[in-house]
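So the structure is just underneath, and the comments pick up after that.
The values are calculated or read from the model by the stated rules, or taken from the named source; none is laboratory data. Being a predicted model, the structure only gives us computed values, none of them experimental. In this analysis, Cβ positions are derived from the backbone assuming ideal geometry, glycine residues included, and neighbour counts consider all displayed protein chains.
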Amino acid sequence: MNSFWGKFTLVLFVLIQCLDGIYTYFGVKIWGYEIEGNPIVRSLMPLIGSGLGLTVAKVLVVGCGIFIYRQGYYKILGLLTVFYVIFVIIPWRSVFFSF
């Protein structure tokens, strides 16, 4: 994989993380903290606020993604991106658009 595809994968990963953060933020505002699937993030949000808690979590995840990218593991980063789309973004969309 050349550097274009590596960069493209990283940008896509970051965008998916941003979308997850937005969906989670609105989900928490509508249904409360219990809607968050990650127990660490779910317990952090009541302590420091949902916006700051999600920001901290997403900065850490994006930082890990950058680390993976810098190691040259573009396929792993791509697989993580696909994982997030299938198991996070699609379920959130189902929750929001089922009403």
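When residue 76 is evaluated against the numbered criteria (1) more than 14 Å from the chain's Cα centre (by Cα); (2) closer than 26 Å to residue 97 by Cα, which criterion, by number, is the only one it fails?
(2)
What about residue 7, is it in a helix (DSSP H, G or I), modelled with pLDDT of 95 or more, surrounded by 13 or more Cβ atoms within 10 Å (Cβ to Cβ) and out of contact with any Phe, Trp or Tyr (no Cβ under 6 Å at 6 or more places or on another chain)?
no
Residue 78 passes all but one of (1) in contact (Cβ under 8 Å) with a residue 60 or more places away in the chain; (2) under 16 Å from residue 26 (Cα atoms); which number fails?
(2)
Of the residues 81, 55, only one is in contact with a Phe, Trp or Tyr (Cβ under 9 Å, 6 or more places away or on another chain), at pLDDT 95 or above, under 30 Å from residue 3 (Cα atoms) and among the polar types (S, T, N, Q); which?
After ruling out the rest, the residue left standing is 81.
Within region 39-74, count every residue that is surrounded by 13 or more Cβ atoms within 10 Å (Cβ to Cβ) and in contact (Cβ under 8 Å) with a residue 12 or more places away in the chain.
Final tally of qualifying residues: 18.
For residue 84, all conditions in the list (1) exposed (fewer than 13 other Cβ atoms within 10 Å of the Cβ); (2) under 20 Å from residue 14 (Cα atoms) hold save one; what is the number of the exception?
Going through the list (1) exposed (fewer than 13 other Cβ atoms within 10 Å of the Cβ); (2) under 20 Å from residue 14 (Cα atoms), residue 84 breaks only (1).
Quick one: which of 28, 41, 95 is among the hydrophobic types (A, V, I, L, M, F, W, C) and under 14 Å from the mean Cα position of the chain (by Cα)? Show your work before the answer.
Values: 28 fails: under 14 Å from the mean Cα position of the chain (by Cα); 95 fails: under 14 Å from the mean Cα position of the chain (by Cα).
Only one candidate qualifies: 41.
Can you tell me which residue in region 61-99 is nearest to residue 21 (Cα to Cα), limited to those that are hydroxyl-bearing (Ser, Thr, Tyr) and in a loop (DSSP other than H, G, I, E, B)? Don't jump to the end; show me each part of the working.
Kept after step one, since they are hydroxyl-bearing (Ser, Thr, Tyr), are these residues of region 61-99: 69, 73-74, 81, 84, 94, 98.
Still in the list and also in a loop (DSSP other than H, G, I, E, B): 73, 98.
On the way: 73: 24, 98: 19 Å.
Ranking the qualifying residues of region 61-99, first place goes to 98.
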